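Each remark here refers to the structure printed beneath this line.
The values are calculated or read from the model by the stated rules, or taken from the named source; none is laboratory data. Everything numeric in this text was worked out from a predicted model, so none of it was measured. Quick reminder, even Gly has a Cβ in these numbers, built from the backbone with ideal geometry, and neighbours come from all protein chains shown. All accessible areas refer to the heavy atoms of the entire protein, side chains included, with ligands and DNA or RNA removed. Shrake-Rupley method; radii C 1.70, N 1.55, O 1.52, S 1.80 Å.
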Amino acid sequence: MNKVRDDYYRAKDREKYNMLERHSLLPDPSLKQATFETFVPQCSEEIANKELALDCVRRIRGGDAFNVIFQGIQGTGKSHLAHSMLKELNETTGFKTSSLFVSIEDMLRKIKGSFSDKNSKYTEDYLVNLLSKPDHLVLDDLGAETGAIDSDKSATDFVQRILYAITTYRQGKVTILTTNLSGKSLFKVYDQKLVSRLLNRPKYIVFKEAEDKRISNIPF
Ligand SMILES: Nc1ncnc2c1ncn2[C@@H]1O[C@H](COP(=O)(O)OP(=O)(O)OP(=O)(O)O)[C@@H](O)[C@H]1O
Ligand SMILES: [Mg+2]
């Protein structure tokens, strides 16, 4: 009887550890390799932000639960560091806690796809439920789905409803958000109640000086 119970708990632990690898929706498959080891800081801000992210990991591992917001222009390493945090947490506490990385744009595309594809498992209920569960969740690239960076365009009711449901279920857990949007733009694009949940006393990690790593090697 004890063996059955032990096997059950071992399987449950493995399920937690495997969640990051099995269920994440990555915007770019190369992000799988994004760890603290592969993040090479090139300026003082990047050194400081890597330290801040490592410090958040230490606090979360110690039992603290709070949100983290990475903000800055494109290509500065926000998604890289957010993924590094999950990798580190998963490698050190992965059999006790679960982690998941989700590109908001990919998630919304999958939900929309399920409207016309009745065989798709990626329904709104499935994804809201999936994103509600993990102890640590990265919601990647908030704002990109609206194409509204620094414009006044507001998010659709559909997008707000889904993000609102997820953030409501996730209160008390760790949600790590990355975005190009400024605080002002967040309030223009999203409902106040949603922004209030997202900005619930988070730790901010902001890139103001770092350069876009994607375009740093243009030879002309
Ligand atoms: N300090 C760094 N060391 C090594 N690679 C880096 C570093 N910063 C960024 N990169 C790499 O550059 C690419 C862009 O970084 P990333 O995707 O994290 O940018 P981002 O800030 O999330 O941009 P966006 O706002 O467009 O989503 C990735 O391939 C990432 O691994
Ligand atoms: Mg990103």
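List of remarks:
- Percent RCO, i.e. relative contact order, over the range 97-207, from Cα pairs under 8 Å lying at least 6 residues apart: 29 percent
- Magnitude of the charge dipole, the chain, Cβ model with Lys/Arg +1 and Asp/Glu -1, debye to 20: 780 debye
- In this structure, the amide hydrogen of residue 177, modeled 1.01 Å from its nitrogen in the peptide plane, lies closer than 5 angstrom to those of 68, 69, 70, 139, counting only residues at least 5 positions away or on a different chain.
- Cβ-defined net charge surrounding residue 64, 14 Å radius [Lys, Arg +1; Asp, Glu -1]: +4
- Using C-alpha pairs under 8 Å with a sequence gap of at least 6, the mean separation divided by the residue count of the range 2-209 gives a relative contact order of 30 percent.
- Label-to-label distance, nm, for residues given as residue 217 and residue 158 (7 Å Cα→Cβ offset): 3.8 nm
- Cβ-defined net charge surrounding residue 213, 15 Å radius [Lys, Arg +1; Asp, Glu -1]: -3
- Computed in the context of the full set of protein chains, the accessible area of the range 2-209 at 1.4 Å probe radius has 49% of its extent on carbon or sulfur.
- If you take all other residues with their beta carbon under 9 Å from the beta carbon of residue 164, and give Lys and Arg +1 and Asp and Glu -1, the sum is +2.
- Farthest positive-ward along the range 2-209 dipole, Cα basis, beta-carbon charges - from 182, 146, 85: 85
- Computed [θ] at 222 nm, deg cm²/dmol, the chain (DSSP H ≥ 4; -39,500 (n - 2.57); rounded to nearest 500): -15000 deg cm²/dmol
- On a per residue basis, the range 2-209 carries 52 Å² of accessible surface, using protein heavy atoms and a 1.4 Å probe.
- Theoretical gain in end-to-end length, residue 129 to residue 4 [0.36 nm per residue, Cα-Cα removed]: 42.2 nm
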